Amino acid sequence: MEFFYKHSLPLLLFILQLLCFISIAQVLNSNVTALLVFGDSTVDPGNNNNLRTIFKANFPPYGREFANQTPTGRFSDGQLTTDFVGIKKYVPPYLDPSLSIQEMVTGVSFASGGSGYDPLTPTLSVSATLSLRLASYLGIKKYVPPYLDPSLSIQEMVTGVSFASGGSGYDPLTPSLSNVIPMSKQLDYFREYKKKIEPAIGNQGIEDHINKAVFVISAGTNDFVVNYYSVPVRRQSYNVSSYQQFLLQQVKEFIQGLWDEGARKIAVAGLPPMGCLPIVDTFSSNSTSTNRSCIEQYSSVARDYNQMLQNELNEMQQSSENHGYEKVNVGCCGSGYVETSILCNRASIVCADASKYVFWDAIHPTEMAYNVVFKDIRSTIDLITSG
């Protein structure tokens with residue numbers, strides 16, 4: 001199976017940085033059934049509200065920008081990344097004779113399959129307009145609710161919940177410092193979740209439902225900031241490098257646990273530049289309130305960890321490829337070796353499930369592959385359009 005990750009984002013968006021462990025042929029499938037979230041306060045929508053812990057955010061000024069200025073327990077002024085699930089939109093071809101002026105106003109594609117910068121290039125091909133899928137978000141629900149919300153209905157659970165707990169981490173010691181939900185317990189809650197929704201979906205449908213769900217894991221910062229650098233226990237047994245390896249092993253085991261339960265679309269968040277977190281700057285330097293800067297020591301640890309995480313995901317990718325989950329070097333149409341344009345036609349034998357292929361024909365990617373490309377450039381598009 002082919003997996004992709006995202007590593008480089010503007011500093012403004014560093015907390016949203018994702019190292020994505022997502023199948024190229026299954027990324028944001030139009031049939032996504034649910035959004036299931038695990039981790040710490042970056043993705044906790046209020047599970048800690050129901051715990052005896054000081055790590056809570058269900059009081060003002062938290063939630064100031066949320067609907068009705070409600071402090072929901074999210075550790076932010078409003079929504080979290082996992083709450084931002086939007087509409088589906090397609091860019092139509094300019095030469096579509098049915099295109100209305102209203103549709104043109106919001107954008108069209110002038111691209112032509114087989115074209116190129118060299119004037120000679122399009123003369124060598126049979127040109128055709130190509131409608132690119134520019135924006136496609138999950139569109140599942142408005143907000144991702146906390147699993148421990150006692151008022152949550154089964155119907156709300158079906159389309160996704162968050163098991164995350166502020167203050168948690170991959171290291172089992174980390175959540176115990178704050179009396180929050182360990183990652184292992186979050187996985188247990190997920191198993192419980194499956195049993196709860198099964199009557200609503202049916203025995204036959206639960207496996208497909210989980211296979212098509214998107215899983216997001218965001219944790220690790222607390223393991224360093226709250227645990228390793230603040231409490232001496234782990235430093236007595238691990239140096240920074242060996243502690244990073246210890247955490248990576250926990251990540252792999254957690255991913256494997258999700259995989260064993262049927263998860264197939266999994267995104268793993270990397271660490272932010274920890275030295276730029278205001279609290280780290282405050283307690284780790286002599287900077288005044290008017291002369292503050294990032295602490296490179298901590299940020300470099302995060303960079304090294306992210307690179308190691310990428311390497312681990314690469315190894316998992318290579319290992320999974322041996323199971324033949326995805327076709328990465330042949331197209332779905334015909335033999336997959338030469339067919340394109342008029343050679344890929346109604347008479348061609350086409351694969352039953354194009355989502356298992358990177359390429360639709362011998363040259364062009366499938367819709368799922370184009371989705372991956374979009375995800376890779378989405379932050380750049382957002383940056384360009386934000387001004």
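The values are calculated or read from the model by the stated rules, or taken from the named source; none is laboratory data. Model, not experiment: these values are computed from the prediction. Positions of Cβ are backbone-derived with ideal geometry, glycine not excepted, and every protein chain shown enters the neighbour counts. Accessible surface areas use protein heavy atoms only, side chains included; no ligands, DNA or RNA. Shrake-Rupley method; radii C 1.70, N 1.55, O 1.52, S 1.80 Å.
I'd like the full set of residues that are open to solvent by 20 Å² or more (accessible area, probe 1.4 Å) and in contact (Cβ under 8 Å) with a residue 40 or more places away in the chain, limited to region 147-171.
Of everything in region 147-171, those that are open to solvent by 20 Å² or more (accessible area, probe 1.4 Å) and in contact (Cβ under 8 Å) with a residue 40 or more places away in the chain turn out to be 148, 149, 150, 154, 155, 158, 159.
Taking region 321-344, which residues are open to solvent by 70 Å² or more (accessible area, probe 1.4 Å) and modelled with pLDDT of 80 or more?
337, 338, 342, 343
Can you tell me which residue in region 346-358 is modelled with the lowest pLDDT, limited to those that are of a type outside the set (Val, Ile, Thr) and open to solvent by 70 Å² or more (accessible area, probe 1.4 Å)?
356
Taking helices (runs of 4 or more DSSP H) that fall entirely within region 52-165, which contain at least 1 residues that are at pLDDT 90 or above?
154-158
Can you tell me which residues in region 279-291 are in contact (Cβ under 8 Å) with a residue 12 or more places away in the chain and either open to solvent by 80 Å² or more (accessible area, probe 1.4 Å) or closer than 18 Å to residue 169 by Cβ (or both)?
279, 280
Does residue 213 qualify as being touching a Cys at 6+ places or on another chain (Cβ under 6 Å), in contact (Cβ under 8 Å) with a residue 60 or more places away in the chain, surrounded by 13 or more Cβ atoms within 10 Å (Cβ to Cβ) and under 26 Å from residue 161 (Cα atoms)?
no
Which of (1) open to solvent by 30 Å² or more (accessible area, probe 1.4 Å); (2) touching a Ser or Thr at 6+ places or on another chain (Cβ under 9 Å) is the odd one out, the single condition residue 178 does not satisfy?
All conditions are met except number (1).
Is it the case that residue 248 is open to solvent by less than 40 Å² (accessible area, probe 1.4 Å), at pLDDT 95 or above and part of a helix (DSSP H, G or I)?
When the stated conditions are applied, residue 248 passes them.
Looking only at residues in region 284-316 that are among the small types (Gly, Ala, Ser) and at pLDDT 85 or above, which one is farthest from residue 272 (Cα to Cα)?
Applying the filter and picking the extreme gives 300.
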